[in-house]
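Notes follow the structure.
The values are calculated or read from the model by the stated rules, or taken from the named source; none is laboratory data. Nothing here was measured: the structure is a model prediction, and the numbers come from that model. With ideal geometry, Cβ positions are generated from the backbone for all residues, glycine too; neighbour counts draw on all protein chains shown.
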Amino acid sequence: MNEDNNIYDVEKYEDITEEKNEEVVEDYTEKDHIEEDYVEEDRVYEKDSYVHPINDLSKKPKKKKKNGIFKVIALSLVTGLLGGAIGSGSVYYIMKGNKSSTSNGYIGTPNPATFDSDVESLTASQAFEKVAPAVVIVSVSGVIDYSGFIPQETEGIGSGFIINEEGYILTNYHVIEGAKEVTVTLSDGREVKAKVINYDENQDVAMLKISDDTVKVPAVVELGDSDVLRPGEEVLAIGTPLSKDFNQTVTGGMVSAVNRNVETTSGAKLNLIQTDAAINPGNSGGPLVNTKGEVIGINTMKISGGAEGIGFSIPINEVKDRIESLSKPILNLGISIREINAELAKQNNMEEGLYIVSVVEFSPAEKAGLQGGDLIVKFDGKRIKTFDELKEIRDSKEEGDVVEMEVVRNGKNKTFNVQLEVKN
């Protein structure tokens with residue numbers, strides 16, 4: 001249960017509580033028509049000082065007796081010859097191992113290896129050539145409601161990538177937010193219409209599909225395993241920053257960190273990959289690619305406020321398991337709910353469950369007889385207490401399925417049958 005007692009719109013996957021958490025530090029890389037303000041604390045970085053040891057050569061040799069000077073000279077010559085032979089051999093074996101000794105006592109490599117020594121690794125150019133044909137430009141026109149202000153017509157662009165031959169495309173939710181029309185520009189220059197199939201606003205992911213089933217896609221990406229990523233691994237970001245003039249732009253960098261917990265303005269906490277590969281407005285929704293030419297992330301946001309080289313990507317493993325459900329149209333219930341946890345239930349003398357705050361007119365919920373104030377305790381015959389539990393069951397259903405919902409109304413349990421509809 002969310003400790004802030006938030007209200008959720010079941011169709012939008014959205015926390016619609018009026019008071020949002022304002023203490024956030026990350027900035028979405030939005031479409032180039034809008035920038036959201038995030039608060040970024042000042043950071044001060046201090047370079048480490050490295051002090052190399054210096055051998056103490058100040059000790060003076062002991063004086064030898066005068067009558068042994070010839071012995072000393074002879075011994076020195078022999079020692080010098082032996083030392084030279086040993087030194088030459090040492091240098092030979094050191095150079096043979098591609099190492100050199102430095103005066104400060106450290107061992108370096110004259111020709112250091114690349115970061116990734118995996119035999120399956122591709123060059124940056126090869127990785128780009130493998131993935132780029134499946135990367136698309138996502139152009140949208142629509143309306144965005146700026147939290148109480150008059151809704152505004154807007155246009156923008158982002159990026160995305162094709163995941164299968166049927167023309168399904170992964171991108172960010174904030175790329176298609178409020179979209180009335182979506183056009184996709186393929187890598188070969190063809191422009192085709194697409195429709196929004198499903199999305200999760202809190203995770204900032206969306207699934208599109210090319211509307212014309214006869215369109216043959218130029219390529220599809222290969223999805224990798226983001227769980228095996230390590231800081232220091234090389235990565236590429238591919239997308240369309242700023243405008244269509246810069247389509248198919250590739251930037252390179254490395255994985256700066258993994259498992260970064262980032263809180264957004266909606267209050268959602270995301271587990272993200274941090275990278276120093278340049279991510280700019282318009283890159284949103286594009287792929288983050290490893291050295292095998294596999295997509296291991298969806299580029300989504302960057303730090304603002306003067307910081308450079310701090311971008312973030314959604315790990316692809318966070319999305320993989322949801323591709324099937326995201327490929328299905330959103331099923332409409334038409335309710336907004338509040339989670340009632342154990343503490344709230346005790347305070348209000350009620351069960352744990354999902355409290356219906358409001359019911360949308362002409363929605364499946366209203367047609368079934370549900371009302372504001374009902375407390376959902378079972379969905380499809382299963383006991384539920386959280387918003388995520390309801391979503392998981394609903395997303396497993398198909399259009400037209402009838403789901404049994406048990407609610408508590410005025411202290412009595414009632415059962416309603418709700419027929420699921422596709423949200424228009």
Selection from segment 376-409 of residues that are of a type outside the set (A, V, I, L, M, F, W, C), surrounded by 15 or more Cβ atoms within 10 Å (Cβ to Cβ) and in contact with a helix residue (DSSP H, G or I) (Cβ under 7 Å, 6 or more places away or on another chain): D380, D395
Filter result (touching a Gly at 6+ places or on another chain (Cβ under 9 Å) and under 14 Å from I162 (Cβ atoms)) within segment 183-205: V184, V192, A194
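On the given criteria, is A219 at pLDDT 95 or above and surrounded by fewer than 18 Cβ atoms within 10 Å (Cβ to Cβ)? Step through it out loud before you land on a result.
On the way: at pLDDT 95 or above: yes; surrounded by fewer than 18 Cβ atoms within 10 Å (Cβ to Cβ): yes.
Against the criterion (at pLDDT 95 or above and surrounded by fewer than 18 Cβ atoms within 10 Å (Cβ to Cβ)), A219 qualifies.
I need the full set of residues from segment 368-409 which are of a type in the set (A, V, I, L, M) and not in a helix (DSSP H, G or I), in order please. Show your work before the answer.
Residues of segment 368-409 of a type in the set (A, V, I, L, M): 368, 370, 375-377, 384, 390, 393, 402-403, 405, 407-408.
Listed by number, the residues that qualify are L370, L375, I376, V377, I384, V402, V403, M405, V407, V408.
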